[in-house]
Amino acid sequence: MCVAFPGQVTEVDAVGATVDTEGRRRRASTLLVPDVAVGDWVLVAAGTIVDRLDSEEAQMIRATLLEAIALEATSAAEAAGVAGTSVAAGQGEVR
């Protein structure tokens, strides 16, 4: 699954842009939004800038996605704890 994530444009050239997302710089196509400029907040999906955002909207999306990531990590850890239970040898007890 591909999740779109907001980022800020740090460089633009003839073939695309560099976008900073959470401190990680990535190249993104500007085919769908060709008039982006350095400093613009954008939404990147599958390596393509799909929309321009205002700063407030970008921060709201970012916060929501980070919250979802944290919830998923918590759920995965809890599931691993359940999966990590062991059956006592030959006794059928779950610890």
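Only the coordinates and a few stated rules stand behind these numbers; no lab work does. The structure displayed is predicted, hence computed values, not measured ones. Heads up, the Cβs are rebuilt from the backbone with ideal geometry, glycines too, and the neighbour counts pull from every protein chain shown.
Using θ = phi - 60° in the Karplus curve 6.51 cos²θ - 1.76 cosθ + 1.60, the 3J(HN,Hα) couplings for region 9-14 round to 5, 10, 8, 9, 9, 5 Hz; x is entered for Gly and Pro. How much FRET efficiency would the formula 1/(1 + (r/R0)^6) give for E78 and E56, where r is the Cβ-Cβ distance and R0 is 30 Å, rounded to 0.05? Taking R0 as 30 Å, the efficiency between E78 and E56 is 0.35. Here the extension length gained between R26 and A45 equals 5.7 nm, from 0.36 nm per residue of separation less the Cα-Cα distance. Across region 59-73, computed HN-Hα scalar couplings (Karplus, 6.51 cos²θ - 1.76 cosθ + 1.60, θ = phi - 60°) run 5, 5, 4, 4, 4, 5, 5, 5, 5, 5, 4, 5, 5, 5, 5 Hz from first to last residue, x flagging Gly and Pro. In terms of surrounding Cβ atoms within a 10 Å radius of their Cβ, L71, L43 rank from fewest to most as L71, L43.
Grab the beta carbon distance between A63 and A14, set R0 = 41 Å, and tell me the FRET efficiency rounded to 0.05. Kindly include the intermediate steps, with their values, before the conclusion.
Values: r = 34 Å, r/R0 = 0.82.
That gives a FRET efficiency of 0.75.
For region 41-46, backbone phi angles converted through the Karplus equation (6.51, -1.76, 1.60; θ = phi - 60°) give residue-by-residue couplings of 8, 9, 10, 10, 9, 6 Hz, Gly and Pro being listed as x.
Arrange V42, V19, V3 by Cβ neighbour counts within 10 Å, fewest through most, would you? Spell out each step's value before the answer.
Values: V42 24, V19 27, V3 10.
Ascending Cβ contact count within 10 Å gives the list V3, V42, V19.
Residue exposure proxy: S55, S29, ordered by other Cβ atoms within 10 angstrom of their Cβ from fewest to most, comes out as S55, S29. DSSP finds beta bridges in region 5-80, and of those with both partners inside it, around 95 percent are antiparallel.
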